[in-house]
Amino acid sequence: MIKCFRPLERRKKKPCEQKTYVGHWRREALFMQSILIINGGSSSIKFTVYRVGEPLKRCIHGSMDRIGMSGSNLTWKNWDDTHEHTHDIETNDHRSAANTLIDWLVKQDEFTKIDAIGHRVVHGMKHTQPEIVTQDLLDELYCIRPYDPDHLPREIELIEAFRHHDSKMPQVVCFDTAFHSTMPRVAHQLPIPRRFETKGIKRYGFHGLSYAFLIEELERLGDPAATTGRVILAHLGNGASMAAVRDGKSIDTSMGFTPTAGLVMSTRSGDLDPGLAPYLARTEQMSTQHFYEMVNHKSGLLGVSEISSDMRDLLAAEAADARAAEAVTLFCYQAKKWIGSFAAALGGLDTLVFTAGIGENCPSVRARICDGLNFLGIELNEGRNSENADVISSGNSRVTIRIIRTDEELMIARSVCHVLGKNPTLY
C-alpha cells in the first residue's frame, strides 16, 4: 500500500461537527424524501434526483459534458418533460463543474427535498460495500489516487465540493470494484513477483455497479441463472468489459488492475503485450506518461480506425473505409474470444446479457459477436435482434440471450437507501 499524508488542512478533524453529522443521519434516515446521485466520469458528470419510495422515482436526470474543454454543456430533463433542456457553461475542472451544478440545483424545487447524496467511485481497493463518507475514508481515497489517476482525484473533488456546500448532508460512496470481490484468488492474481501483491497490485475489475444492477434485473425477470446458473455479462460501451458470474457471484472479469485491460474499447487498447512499452521507449523515445495517454485515450476504436471512437460512426463508414471496418472487426473478434474464455471458466453458459451503449443499441455488433458460437449453444433470432428486443435468442438456442438496459444511478440510489436506512449505527 502506498504511504501518504494529506496536507494538514485536509487532515484536520472537528469531533464536535462529526457528532452533529451523525445526529443528522439519525434524524433523516427514516424520513428521506429525495436522493441526489452523482456519477462522475473523466470529462463528464451525470446526475439524477430520485424521490424515495417503492419504487424509487426519477425526478430529474442530466449531465455535464466536456468538463475542462470548450463547448461544455449542462443538459437536463424533468420526469414530466417531453424534451431535454440545455445551456452552455464554463468549467475548468470537476470542482468548478460541481460548484456550477450545485448553483443550478439549489434553484430547483426538488433540491430542497434532498436528504442524501450517492457517488460512484471507480476504485475501492479493499472496500467491498457502499460506505458513508467520513474524513478517514476521504483521507484513504486521497492516498490511493495513484491506483486510478483518471477517476479518483475527480471523484474526491466532487465529494468535497458537496461537503463544502453542506457539511451535514450525508454522502454515500459506492465502489465499482466491489462486485468483483467474490472472485477466487486465482482470478485476482497477476503473474508477477509476489511482493507486489502486498502493495495492492492485483486484478480488481470494474463496471461493478452495472453488473450488480444486471444481476438484480435478471432475478426480477425470473431468470434462474441469476441465482443458480452461469451468466456472462457484456457491458459494451465507451468503456467495455465482461464478467463471468456463477450463482450470482463474479468469478472473473476482463478488466484487471486498471480499466485499460481486457476488451478493445472506444479509446482504450485493452490487453497488450507488456513488451510494447519498453520497445516504444527505445524506438520512439516514448515516455511512461505518453504511453499511458496512448493506451487510454488514443487507442482502441479511435486508434485503429483513425476516424472516430464512436461505434456508430464506424458502422456508417465501414463500407467505404477499410480502417473503420477493421476497427469494428477487431472489437467483435476480441469480444467473441472473451465469451469463449468465460464459458470455459464457468463450465458452460446459461444466459448471455448485452448492455451499455453498444451492447444495447447495435444489432450488427451483437450479431457478429455471436456468429460462430453455436457450439456454445448461442443462437440469435435475427428479427428480434434487429428490433433490440428484450430476449434476442432463437427458440433453439440453449443459451438465453438478453438485452438489459443498465442503470448505475438507480443501483447507487438503492445502495444509499440501504446504507442510511439499515445501518445499525444510525439508530
Enumeration of residues in region 211-263 that are crowded, with 24+ Cβ neighbours inside 10 Å, touching a helix residue (DSSP H, G or I) at 6+ places or on another chain (Cβ under 6 Å) and within 21 Å of residue 365 (Cα to Cα): 211, 231, 232, 233, 234, 235, 236, 242, 243, 244, 253, 254
Tally the residues that are in a helix (DSSP H, G or I), open to solvent by less than 90 Å² (accessible area, probe 1.4 Å) and touching a His at 6+ places or on another chain (Cβ under 9 Å), restricting the search to region 264-304. 1
Regarding residue 401, is this residue part of a strand (DSSP E or B) and open to solvent by less than 20 Å² (accessible area, probe 1.4 Å)? yes
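Restricting attention to region 114-121, does a residue exist that is on the phi > 0 side of the Ramachandran plot and touching a residue at least 12 places away in the same chain (Cβ under 8 Å)? Outline the logic, then answer.
Keep residues of region 114-121 that are on the phi > 0 side of the Ramachandran plot, which gives none.
The answer is no; no qualifying residue exists.
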I want to confirm something. Restricting to region 362-389 and keeping residues that are in a loop (DSSP other than H, G, I, E, B) and either acidic (Asp, Glu) or in contact with a Pro (Cβ under 9 Å, 6 or more places away or on another chain) (or both), which single residue is nearest to residue 352 (Cα to Cα)? 379
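For residue 69, are the conditions met, namely being touching a residue at least 40 places away in the same chain (Cβ under 8 Å) and assigned to a loop (DSSP other than H, G, I, E, B)?
no
Conditions (1) in contact with a Phe, Trp or Tyr (Cβ under 9 Å, 6 or more places away or on another chain); (2) buried (at least 23 other Cβ atoms within 10 Å of the Cβ), marked per residue:
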| residue | (1), (2) |
| --- | --- |
| 130 | yes, yes |
| 136 | no, no |
| 144 | no, no |
| 152 | yes, no |
| 174 | no, yes |
Which fully enclosed strands (runs of 3 or more DSSP E) of region 81-184 have 2 or more residues being among the acidic types (Asp, Glu) and touching a Cys at 6+ places or on another chain (Cβ under 6 Å)? none
Of all residues being under 21 Å from the mean Cα position of the chain (by Cα) and modelled with pLDDT under 80 in region 69-94, which is most open to solvent (accessible area, probe 1.4 Å)? Just the residue, please. 93
Test residue 271 against the criterion of being touching a Ser or Thr at 6+ places or on another chain (Cβ under 9 Å) and either within 30 Å of residue 146 (Cβ to Cβ) or at pLDDT 95 or above (or both), and give yes or no. yes
Top-ranked residue of region 337-353 - restricted to ones that are in contact (Cβ under 8 Å) with a residue 40 or more places away in the chain and assigned to a helix (DSSP H, G or I), ranked as nearest to residue 367 (Cα to Cα): 339
Within region 274-307, of all residues that are in contact (Cβ under 8 Å) with a residue 12 or more places away in the chain and among the small types (Gly, Ala, Ser), the one farthest from residue 146 (Cα to Cα) is 305
Quick one: would you say residue 357 is open to solvent by 30 Å² or more (accessible area, probe 1.4 Å), assigned to a helix (DSSP H, G or I), of a type in the set (Gly, Ala, Ser) and at pLDDT below 95? yes
Of the listed residues (310, 371, 350), the one being buried (at least 16 other Cβ atoms within 10 Å of the Cβ) and closer than 19 Å to residue 240 by Cβ is 310
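Give me a count of the residues in region 305-330 that are part of a helix (DSSP H, G or I) and farther than 20 Å from residue 366 by Cβ.
Total meeting the criteria: 2.
Across region 185-203, what is the total count of residues that are among the charged types (D, E, K, R) and either assigned to a loop (DSSP other than H, G, I, E, B) or under 30 Å from residue 97 (Cα atoms) (or both)?
Just the residues of region 185-203 that are among the charged types (D, E, K, R), to begin with: 185, 194-195, 197, 199, 202-203.
When the remaining residues are screened for being either assigned to a loop (DSSP other than H, G, I, E, B) or under 30 Å from residue 97 (Cα atoms) (or both), the result is 202-203.
Looking only at that region, the number is 2.
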Only listed residue being more than 27 Å from the chain's Cα centre (by Cα) and touching a residue at least 24 places away in the same chain (Cβ under 8 Å), chosen from 420, 373: 373
Considering residues of region 176-197 that are of a type in the set (Val, Ile, Thr) and either touching a residue at least 24 places away in the same chain (Cβ under 8 Å) or on the phi > 0 side of the Ramachandran plot (or both) only, the residue least open to solvent (accessible area, probe 1.4 Å): 177
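The values are calculated or read from the model by the stated rules, or taken from the named source; none is laboratory data. None of these values were measured; they are calculated from a predicted model. Because the Cβ atoms are built from the backbone with ideal geometry, glycine has one as well, and the counts that use them run over all protein chains shown. Note: areas computed on protein heavy atoms with side chains; ligands, DNA, RNA excluded. Shrake-Rupley method; radii C 1.70, N 1.55, O 1.52, S 1.80 Å.
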